[in-house]
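Worksheet: one structure, shown below.
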Amino acid sequence: MNPYERGMRAVSKTAAMRWFLARVLTPLDLKLRNTRFAPSTLGMDAPLCYLTTTGRTSGEPRTVPLLYVTLEEDEFAVVATNFGTEHHPAWALNLEALPQAQVDIRNTSHAVSARLATDDEAAAIWPQFDRVWPGYEKYREIAPRDIKVFVLSPA
């Protein structure tokens, strides 16, 4: 593990880092999408994807950068932590309303269909996310709601 990654992991559970991720890093990732300068991938081999859902009220495409884990050879999982806040992220509500979406991983697009993971599936998936980003443990601890885990399968 390089010093940058070690430092990021050390601060991953702090309130300041949650604020920074939500207000600074996420918008920067969208602006620098598909460049070698996307901040989430600098210095770390973070499994970053861009999930595009359809807005449940607007009908417009909505894209968010998210960390993901690979399940089976063609399935992925994403978690709707919203950095541990009290509200589910809009993208999760969009997926519940219309489960068809697109996932872009390393400049490759995948049409997917989303479903909520079962309790047993979610329990098996969480340790994978904790290895990717230790802040997820803190998000589960402080969120006053159940955090949704979505399984994304080929459409």
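The values are calculated or read from the model by the stated rules, or taken from the named source; none is laboratory data. None of the values given here were measured: they were computed from a predicted structure. Every residue, glycine as well, gets a Cβ built from its backbone with ideal geometry; the counts of neighbours run over all protein chains shown.
Only one of (1) under 14 Å from the mean Cα position of the chain (by Cα); (2) farther than 14 Å from Cys49 by Cβ fails for Lys138. Which number is that?
Here Lys138 meets the rest and fails (1).
If I filter region 35-53 for residues that are surrounded by fewer than 19 Cβ atoms within 10 Å (Cβ to Cβ) and modelled with pLDDT of 95 or more, do I get at least one hit?
Within region 35-53, one or more residues are surrounded by fewer than 19 Cβ atoms within 10 Å (Cβ to Cβ) and modelled with pLDDT of 95 or more.
A quick yes/no check of all residues on (1) at pLDDT 95 or above; (2) surrounded by 12 or more Cβ atoms within 10 Å (Cβ to Cβ); (3) under 15 Å from Glu72 (Cα atoms):
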residue	(1), (2), (3)
Ala92	yes, yes, no
Pro99	yes, yes, no
Asp104	no, yes, no
Ala114	yes, yes, yes
Asp119	yes, no, no
Ala123	yes, no, no
Asp130	no, yes, no
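So, in region 41-84, exactly how many residues are closer than 21 Å to Glu141 by Cβ and either touching a helix residue (DSSP H, G or I) at 6+ places or on another chain (Cβ under 7 Å) or without any contact (Cβ under 8 Å) to a residue 60 or more places away in the chain (or both)?
9
Could you look through region 76-88, keep only residues that are surrounded by fewer than 19 Cβ atoms within 10 Å (Cβ to Cβ) and not acidic (Asp, Glu), and pick out the one that is farthest from Trp126 (Cα to Cα)?
His87
Does Pro99 meet the test of being within 15 Å of Ser153 (Cα to Cα) and either touching a residue at least 60 places away in the same chain (Cβ under 8 Å) or more than 13 Å from the chain's Cα centre (by Cα) (or both)?
So Pro99 fits the description; yes.
Name the residue, out of Ser109, Ser153, that is free of Cβ contacts under 8 Å to residues at least 24 places away in the same chain and small (Gly, Ala, Ser).
Ser109
From the list Thr81, Thr85, which residue is of a type in the set (S, T, N, Q), within 13 Å of the chain's Cα centre (by Cα) and at pLDDT below 95?
Sole residue among the options that is of a type in the set (S, T, N, Q), within 13 Å of the chain's Cα centre (by Cα) and at pLDDT below 95: Thr81.
Taking the condition of a type outside the set (Ser, Thr, Tyr), modelled with pLDDT of 95 or more and touching a strand residue (DSSP E or B) at 6+ places or on another chain (Cβ under 6 Å), does Pro65 pass?
Spelling it out, it is not the case that Pro65 is of a type outside the set (Ser, Thr, Tyr), modelled with pLDDT of 95 or more and touching a strand residue (DSSP E or B) at 6+ places or on another chain (Cβ under 6 Å).
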